[in-house]
Structures are given as C-alpha cells and as structure tokens.
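Take a look at the structure set out below.
The values are calculated or read from the model by the stated rules, or taken from the named source; none is laboratory data. Every value quoted in this text rests on a predicted model; they were computed, and no experiment measured them. Please note: Cβ atoms are built from the backbone with ideal geometry, for glycine as well, and neighbour counts cover all protein chains shown.
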Amino acid sequence: MDKFMQAAIDEARQGLAEGGIPIGSVLVHNGQIIGRGHNRRVQQGSAIRHGEMDALENAGRQSAQTYRESVLYTTLSPCAMCSGAILLYGIPKVIIGENQTFLGEEALLRERGVQLDVLHNNECLHLMQAFIATQPTLWNEDIGE
Ligand SMILES: [Zn+2]
C-alpha cells in the first residue's frame, strides 16, 4: 500500500471516529506530506470542509510553484468543489482511492490535463459503503442531494 494513500485512509478513519464522514486526503510535495485532513462538515458544521479542502486548508498558503509540483491523495473521487480547487491551484496529479460509491468530476479533470490514478482500494470502498448504508441522509447532504 502506498504510504500516502495509507495516510489519507488514516485521516478518513479519524473522521469516522469523530462522528464524521470517512473521507481523507493528503497533499504531498517532494515526497513529504505538507497538508493532511478529513471531511469535517459534521464536526465543524461546515459547508466546505470536504477531505480535500481540509487538506488544502491545513497546508496553508503555498506558492503556485509548490501546487504545480504537488500530488493530492484522496480516498474518494473528488466532487465538483474539490475538483475546482485542484484546477484553480494547478495540482497536476490526483491519486484516488475509489470512485465506485461516488464518481466526481474525473472527466473534467482529465480534460483539463490533470493526471488521475484510481487505485480501486478495497479499504476506501468498504469505509464509504458502510457509511452510506448507515447514514444515507448525511451522505446525500455531503454531495448536495
Ligand atoms: Zn469534495
């Protein structure tokens, strides 16, 4: 298992333990995690704290150059909001844990030249499947449905 995807899964599990939605993410630059986070919509009553947004926020302000040399890891296919942030900052590569429970804006990202690698990771898949089965309302709220 890729150690960075493992870190993103650890974040997702932490979110679940806090009563939140189990999606985690890390931003990696030059082989180092510079930001890590997990979905905190429930924990913080937030409209925007998806896992990827939380990792980006926790990385703090970075130079355009740094974003262009970074890789974003996320346990779940990125939604329209998170894909927008990826495009805005010019992050060139995204490693995705799974896209079976939710398919985000992968076509848009690819069209805009972002390299995507979908791992079809079973741990990511089972975390989301179990969560969606037990908390369908909370999940639908997260994706605006
Ligand atoms: Zn998102």
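For residue 145, are the conditions met, namely being more than 17 Å from residue 51 (Cα to Cα) and modelled with pLDDT under 95?
So residue 145 passes the test.
Being within 16 Å of the ligand (Cβ to nearest atom), modelled with pLDDT of 95 or more and under 24 Å from residue 141 (Cβ atoms) narrows it down to one of 45, 51, 35, so name that one.
After applying the criteria, what remains is 51.
Which number in (1) under 22 Å from residue 31 (Cα atoms); (2) in contact with a helix residue (DSSP H, G or I) (Cβ under 7 Å, 6 or more places away or on another chain); (3) buried (at least 19 other Cβ atoms within 10 Å of the Cβ) marks the one condition that residue 55 misses?
Of (1) under 22 Å from residue 31 (Cα atoms); (2) in contact with a helix residue (DSSP H, G or I) (Cβ under 7 Å, 6 or more places away or on another chain); (3) buried (at least 19 other Cβ atoms within 10 Å of the Cβ), only one is false for residue 55: (2).
Restricting to the stretch 81-107, give me the number of residues that are more than 12 Å from the chain's Cα centre (by Cα) and in a helix (DSSP H, G or I).
6
Out of curiosity, is residue 53 more than 21 Å from residue 16 (Cα to Cα) and within 15 Å of the chain's Cα centre (by Cα)?
Judged against the criteria, residue 53 is not a match.
When the residues of the stretch 63-80 are filtered to those that are part of a strand (DSSP E or B) and in contact with a Gly (Cβ under 7 Å, 6 or more places away or on another chain), which remaining residue is farthest from the ligand (Cβ to nearest atom)?
Restricting to residues being part of a strand (DSSP E or B) and in contact with a Gly (Cβ under 7 Å, 6 or more places away or on another chain), the top hit is 75.
Of the residues that make up the stretch 71-85, is at least one in contact with a Pro (Cβ under 6 Å, 6 or more places away or on another chain) and crowded, with 17+ Cβ neighbours inside 10 Å?
Taking every residue of the stretch 71-85 in turn, none turns out to be in contact with a Pro (Cβ under 6 Å, 6 or more places away or on another chain) and crowded, with 17+ Cβ neighbours inside 10 Å.
Identify all residues within the stretch 108-144 that are farther than 21 Å from residue 85 by Cα and assigned to a loop (DSSP other than H, G, I, E, B); write none if there are none.
Passing the criteria: 119, 120, 121, 135.
Here's a check for you: in the stretch 25-52, which residue that is part of a strand (DSSP E or B), of a type outside the set (A, V, I, L, M, F, W, C) and in contact with a strand residue (DSSP E or B) (Cβ under 9 Å, 6 or more places away or on another chain) is surrounded by the fewest Cβ atoms within 10 Å (Cβ to Cβ)?
29
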